[in-house]
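Inspection log for the structure reproduced underneath, given as C-alpha cells.
Quick note: the coordinates plus some simple rules give every number you see, no bench work behind them. Computed from a prediction, not measured in an experiment: that's the story for all the values here. Heads up, the Cβs are rebuilt from the backbone with ideal geometry, glycines too, and the neighbour counts pull from every protein chain shown.
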C-alpha cells in the first residue's frame, strides 16, 4: 500500500473511531503520527515551510476557539494563548515525525518562547478519493505565545 492509500485509510479510521494517525511519510521510513497545526511562515508558500517537506499534509482548518493572531512590525505572526479573544485562526494541519517536531520546536523556541500546546482544530476542507472529512475536529499541537505578548491595541488577524 502506498503512502497516499495509508494516509486515506488512517484518516478514515481516525474519523470513524478516534484512533491516532499513523502513516509513513513521503520519502521516509519514519512513522508520522504527530499532528501539528501551523500558521504564518510555516504554511505552504512561506520560507519556513521547508521544515515540513517530509511531512504529510492533512488539511486546512480553523482553531475551534478564538485566539488573537498578532503580526508585529517584524512581520512575524504569533498566536497568543488567550482563548476567547480574537478570531478563529486559519491553519494547516500536518502529520510529522519526531525529528520534524524537534526542528519545529527549535524554530519556535519551545518551551522558552512559543509553547507547544494541543488545541482543537476544525478541519474544513479534506476530501480524499470518496472520503470526506469536512468538519472533523482534531487536536494537533499548536505553537502559542504567552498571553503577555498581547495588548488590546493590537490588530487581530484570522490568517497569515
FRET efficiency for residue 53 and residue 137 from the Cβ-Cβ distance with R0 = 22 Å, rounded to 0.05, comes out at 0.25
In terms of the alpha carbon gyration tensor, root eigenvalues a ≥ b ≥ c, rounded if a/c is under 1.5 and otherwise prolate when a/b exceeds b/c or oblate, the stretch 56-131 is oblate
Simple SL model, points at 7 angstrom along Cα→Cβ for residue 122 and residue 46; separation in nm is 2.2 nm
Between residue 154 and residue 33, the FRET efficiency computed from the C-beta separation at R0 = 30 Å comes out, to the nearest 0.05, as 0.25
